[in-house]
Each structure stands twice: as C-alpha cells, then as structure tokens.
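The values are calculated or read from the model by the stated rules, or taken from the named source; none is laboratory data. As the structure is a prediction and not an experimental result, all values here were calculated from the model. So basically every Cβ, Gly included, is an ideal-geometry build from the backbone, and we count neighbours across all protein chains shown. Ligands, DNA and RNA are excluded from the accessible area calculation, which covers all protein heavy atoms including side chains. Shrake-Rupley method; radii C 1.70, N 1.55, O 1.52, S 1.80 Å.
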Amino acid sequence: QVQVVESGGGLVQPGGSLRLSCAASGSIFSIYSMGWYRQAPGKQRELVAENTNGGRTNYGDSVKGRFTISRDNAKNTVYLQMNSLKPEDTAVYYCKAEVRSFSYLKITDYWGQGTQVTVSS
C-alpha cells in the first residue's frame, strides 16, 4: 500500500505566504514525479506545480513566479512554497505521486486527501 498525505494548509491574508508539505510512504520501490494540483468549488482540477523524476519543474501559468516546488527524495516529500497569495488561489490542494510499488510494479498515480488553502481578509 502507498499513502500520500498533505499538510500545511490554512487561512492566510492576500499577499501572505504558506508552505505545503506532502509525504509519500508505504511499499514504495521508486517515486518518479511528484506534484501539486488544486481544485476550487465549481472548477476543474488544475496543475499547480510538478517536479519530474529528472528534477525538472513545471508550473501552471496562474502561479508562475509566485509558487516554488521543491523535493526531498530521501524523505519522499515534496513542498510547495506559496507567496503573494491571491483570493483566486483558494482551493483544495492535492498532492500526486507517481509511484512504482513493491506490490504493483506498474507506475501508478497516488493522490492525497487534499489540504484546504483559503486566501481571504
């Protein structure tokens, strides 16, 4: 079994900062990409940022220049530093890990339960 757990969400004021964490654990043979997605009420889930197996990063256009993704491979953990937050950033943020497990060798996406980020005065 593989578990993906996010943490660090909360309420912040516009212009503020927040740091999210995501840790993958369980019967993991190897992790390839890890990334962050978000979904606001009534909207589709969208890419926020991802870190590929080769360490490359990709960002959604709406967060580019404000958010930074980083990764600690030894801890199977990915972080999302969010700066200059806007009300439009309000959403549930989900972590995704691309994993090859010992019990199922095919590369599979595993999703966390999500953490709420609310940007409001």
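Structure notes:
- Taken as a whole, region 91-107 holds no residue that is among the polar types (S, T, N, Q), modelled with pLDDT of 95 or more and in a strand (DSSP E or B).
- Tabulated pairs, region 1-23, first on the phi > 0 side of the Ramachandran plot, second among the basic types (Lys, Arg) and part of a strand (DSSP E or B), C-beta under 6 angstrom, 6+ apart or interchain: Gly8/Arg19
- Qualifying residue in region 62-76 (condition: closer than 22 Å to Pro14 by Cβ, without any contact (Cβ under 8 Å) to a residue 12 or more places away in the chain and out of contact with any Asp or Glu (no Cβ under 8 Å at 6 or more places or on another chain)): yes
- Scanning region 81-111 for residues that are open to solvent by less than 10 Å² (accessible area, probe 1.4 Å) and not hydroxyl-bearing (Ser, Thr, Tyr) turns up Met82, Leu85, Asp89, Ala91, Cys95, Ala97, Val99.
- Failed criterion for Val48 (all others in (1) among the hydrophobic types (A, V, I, L, M, F, W, C); (2) within 16 Å of Ser62 (Cβ to Cβ); (3) out of contact with any Ser or Thr (no Cβ under 9 Å at 6 or more places or on another chain) hold): (3)
- Subset of region 1-34 [in contact with a Phe, Trp or Tyr (Cβ under 9 Å, 6 or more places away or on another chain) and not polar (S, T, N, Q)]: Val2, Val4, Glu6, Gly8, Gly9, Arg19, Leu20, Cys22, Ala24, Gly26, Ile28, Phe29
- Every pair of residues 6+ apart whose Cβ atoms lie under 8 Å, when the first sits in region 41-55 and is part of a loop (DSSP other than H, G, I, E, B) while the second is hydroxyl-bearing (Ser, Thr, Tyr): Arg45/Tyr37; Arg45/Tyr94; Thr52/Tyr32; Thr52/Ser33; Asn53/Tyr32; Asn53/Ser33
- Scanning region 57-115 for residues that are among the β-branched types (Val, Ile, Thr) and either in contact with a His (Cβ under 8 Å, 6 or more places away or on another chain) or within 17 Å of Arg38 (Cβ to Cβ) (or both) yields Thr57, Val63, Thr68, Ile69, Val78, Thr90, Val92, Thr115.
- The residues in region 56-80 that are open to solvent by 50 Å² or more (accessible area, probe 1.4 Å), over 17 Å from Val4 (Cα atoms) and assigned to a strand (DSSP E or B) can be counted, and the count is 4.
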